[in-house]
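Report on one structure; see the data block that follows.
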Amino acid sequence: MHSRAALFAVLMGTVLCLVPLTRAQDESASPKEQPTPKQDTNGAAKTSATQRQATAYHLDFSLNELEDGKKLNTRRYAMNLTDADSDGGQDLKIGTRVPVQSENGKFEYLDIGTTIRARFIHWTTPVIVNVNADISNFASPDDATRTGHPLLRQMRIGASTALVLNKPMIIGSVDEHDSKREYQLELTVTKLQ
C-alpha cells in the first residue's frame, strides 16, 4: 500500500512540475500580440506609450567624380526619410525620358539620369541603411557616330551598411572602364527629431 502511495506521489509531483513548463513553452511559442491603439471619445486613435515612434532622418548624397585621386565634380542629392518607410523606402529620381524606336513606328522610352533608392532596416541592431543608385548618361558623341545609335553609360552602386549619424560614409565606388575616372557615392545621415 505504501508503494502505491509513494508511486502516486511521484507521479503527481512530476505532473505538477511539467504544467508550468508547458505553459511557458506555449507562451513563448505564440506570437506576442501588438497593442492596438486606443481611441478617444471622438473615435481618433491615440498613440500609446508601447507603440514605437517613427524617427525622421535627412540623407545627403554626394556623387563624386575623381581622376587620379583628385575630385573633379560633385553632384548633390538629398531626401528626408523615416525608419517607418522601411518596407518600400523612398526614391529620388532626376533625368530625361528618351524615346528609342524599337520597331517601325513603335517607341520605347529609356530613363537616363540618376535614381537613388534608400530605406532603413530598423529591426536589426544597429539600424541598417540600404542604398541603391543607378546612374546613366550618354556616351561620348564619337561612340554614337561610329554605331549610328546613341550609346549609354551606366553605373550601379548598391550597398547596405550600419547607420552612422553626422559622418560622411562611402556607400560604394566604381571605376570607369575606359579611363582613370572613379565615381564615389557618399552618404551623410542626420537625425531630424
- Test for Gln101: is it assigned to a strand (DSSP E or B), out of contact with any helix residue (DSSP H, G or I) (no Cβ under 9 Å at 6 or more places or on another chain) and modelled with pLDDT under 80: yes
- Going through the stretch 167-182 one residue at a time, which ones are touching a residue at least 60 places away in the same chain (Cβ under 8 Å) and exposed (fewer than 14 other Cβ atoms within 10 Å of the Cβ)? Pro168, Ser179, Lys180
- Residue count for the stretch 155-179, restricted to those that are part of a strand (DSSP E or B) and either over 25 Å from Thr124 (Cβ atoms) or of a type outside the set (Lys, Arg) (or both): 15
- Query: Restricting the search to the stretch 67-111, which residues are in contact with a Phe, Trp or Tyr (Cβ under 7 Å, 6 or more places away or on another chain) and more than 30 Å from Ala54 (Cβ to Cβ)?
  - Reply: Arg97, Val98, Pro99, Val100, Gln101
- Message: Of everything in the stretch 170-193, what is under 18 Å from Glu67 (Cα atoms) and either among the charged types (D, E, K, R) or in contact with a helix residue (DSSP H, G or I) (Cβ under 7 Å, 6 or more places away or on another chain) (or both)? Give them in sequence order.
- Response: Asp175, Glu176, Asp178, Lys180, Arg181, Glu182, Glu186
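Taking the stretch 134-152 as the search range and keeping residues that are assigned to a strand (DSSP E or B) and either under 24 Å from the mean Cα position of the chain (by Cα) or modelled with pLDDT under 85 (or both), which one is nearest to Asp111 (Cα to Cα)? Lay out the reasoning, then the answer.
At the first step, the residues of the stretch 134-152 found to be assigned to a strand (DSSP E or B) are 134-138, 152.
With the extra rule that they be either under 24 Å from the mean Cα position of the chain (by Cα) or modelled with pLDDT under 85 (or both), the set shrinks to 134-136, 138, 152.
Values: Asp134: 10, Ile135: 10, Ser136: 8, Phe138: 11, Leu152: 11 Å.
That would be Ser136.
The values are calculated or read from the model by the stated rules, or taken from the named source; none is laboratory data. Note that this is a predicted model, so its numbers are computed, not measured. Because the Cβ atoms are built from the backbone with ideal geometry, glycine has one as well, and the counts that use them run over all protein chains shown.
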